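Enquirer: The following block contains the structure, expressed as structure tokens.
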Amino acid sequence: MNFIYVFLGGGLGAMTRYSMSKILPTVEGGFPLATFVANVISCIVLGLLMGTLMQRELSTKTQLILMTGFCGGFSTFSTFSAETFKLLEQGQFPLALGYILSSLTICLVCIFIGMKLAESL
């Protein structure tokens, strides 16, 4: 049954991620905004869930659907890596470096913010 929970959450996350790419399309050779926003939101949600888990128990079902499934399907390291590679291939070195640094820094901060939000709720 656990696989079903991950499957359902992952499907919802992937559909949300796909919707994000339609709402925030990336301009060729430009900053990959849709992936960046999806990863930032996913990190806030995951941080919130991690913070909640530290304070009280979340059911295995909830953890699998939301943390493993939804956040795993919504965030996308592979797309981030492919977009970064494409920027490098196009000679967009400053943009690629900015994308890497901003993604890592801001997503780590978002995990922290999500955890702090959970503490305050």
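Enquirer: Pick from the range 95-109 the residues that are within 21 Å of GLY29 (Cβ to Cβ) and either charged (D, E, K, R) or free of Cβ contacts under 8 Å to residues at least 40 places away in the same chain (or both): which of them is surrounded by the fewest Cβ atoms within 10 Å (Cβ to Cβ)? Spell out the reasoning first.
Expert: At the first step, the residues of the range 95-109 found to be within 21 Å of GLY29 (Cβ to Cβ) are 95-103.
Narrowing further to those that are either charged (D, E, K, R) or free of Cβ contacts under 8 Å to residues at least 40 places away in the same chain (or both): 96-97, 100-101.
Working: ALA96: 20, LEU97: 13, ILE100: 15, LEU101: 10.
Ranking the qualifying residues of the range 95-109, first place goes to LEU101.
Enquirer: Sticking with this one: Please state which of the following conditions LYS86 fails to meet, knowing it meets all the rest: (1) charged (D, E, K, R); (2) over 29 Å from LEU121 (Cβ atoms); (3) touching a residue at least 40 places away in the same chain (Cβ under 8 Å).
Expert: The number of the failed condition is (3).
Enquirer: Counting only residues that are surrounded by 12 or more Cβ atoms within 10 Å (Cβ to Cβ) and under 12 Å from the mean Cα position of the chain (by Cα), how many does the range 78-94 have?
Expert: Residues that pass the stated criteria total 2.
Enquirer: Then there is this: Consider PHE36 carefully, then state whether it is within 28 Å of LEU121 (Cβ to Cβ) and modelled with pLDDT of 95 or more. Step through it out loud before you land on a result.
Expert: Values: within 28 Å of LEU121 (Cβ to Cβ): yes; modelled with pLDDT of 95 or more: yes.
The answer is yes for PHE36.
Enquirer: What's the number of the only condition in (1) buried (at least 16 other Cβ atoms within 10 Å of the Cβ); (2) free of Cβ contacts under 8 Å to residues at least 40 places away in the same chain that LEU46 fails to meet?
Expert: The failed condition is (2).
Enquirer: Only one of (1) within 23 Å of LEU117 (Cα to Cα); (2) in contact (Cβ under 8 Å) with a residue 40 or more places away in the chain; (3) of a type outside the set (Lys, Arg) fails for GLN63. Which number is that?
Expert: (2)
Enquirer: Oh, and also: In the range 78-93, how many are of a type in the set (S, T, N, Q) and either part of a helix (DSSP H, G or I) or closer than 19 Å to MET115 by Cα (or both)? Give the steps one after another, and end with the answer.
Expert: Applying the first criterion (of a type in the set (S, T, N, Q)) to the range 78-93 yields 78-79, 81, 84, 90, 92.
From the residues that got through so far, the ones that are either part of a helix (DSSP H, G or I) or closer than 19 Å to MET115 by Cα (or both) too are 78-79, 81, 84.
Qualifying residue count, the range 78-93: 4.
Enquirer: Filter the range 59-77 for residues that are surrounded by 15 or more Cβ atoms within 10 Å (Cβ to Cβ) and outside any helix (DSSP H, G or I); which is modelled with the highest pLDDT? Before you say what the answer is, go through the steps one by one.
Expert: Of the range 59-77, the ones surrounded by 15 or more Cβ atoms within 10 Å (Cβ to Cβ) are 62-76.
Retained after the next criterion (residues that are outside any helix (DSSP H, G or I)): 75-76.
Values: SER75: 95, THR76: 90.
Among them, the one singled out is SER75.
Enquirer: Condition test on THR26, is it of a type outside the set (Phe, Trp, Tyr), touching a residue at least 24 places away in the same chain (Cβ under 8 Å) and farther than 30 Å from GLU119 by Cβ? Outline the logic, then answer.
Expert: Values: of a type outside the set (Phe, Trp, Tyr): yes; touching a residue at least 24 places away in the same chain (Cβ under 8 Å): yes; farther than 30 Å from GLU119 by Cβ: yes.
Criteria met by THR26.
Enquirer: Let me ask something additional. Considering only the range 6-22, I want to know if a residue exists there that is outside any helix (DSSP H, G or I) and either polar (S, T, N, Q) or more than 11 Å from the chain's Cα centre (by Cα) (or both). Give the steps one after another, and end with the answer.
Expert: Filtering the range 6-22 down to residues outside any helix (DSSP H, G or I) leaves none.
No, there is no match, as no residue in the range 6-22 is outside any helix (DSSP H, G or I) and either polar (S, T, N, Q) or more than 11 Å from the chain's Cα centre (by Cα) (or both).
The values are calculated or read from the model by the stated rules, or taken from the named source; none is laboratory data. These figures come from a predicted structure and were not determined experimentally. Cβ: placed from backbone, ideal geometry, glycine included. Neighbour counts: every protein chain shown.
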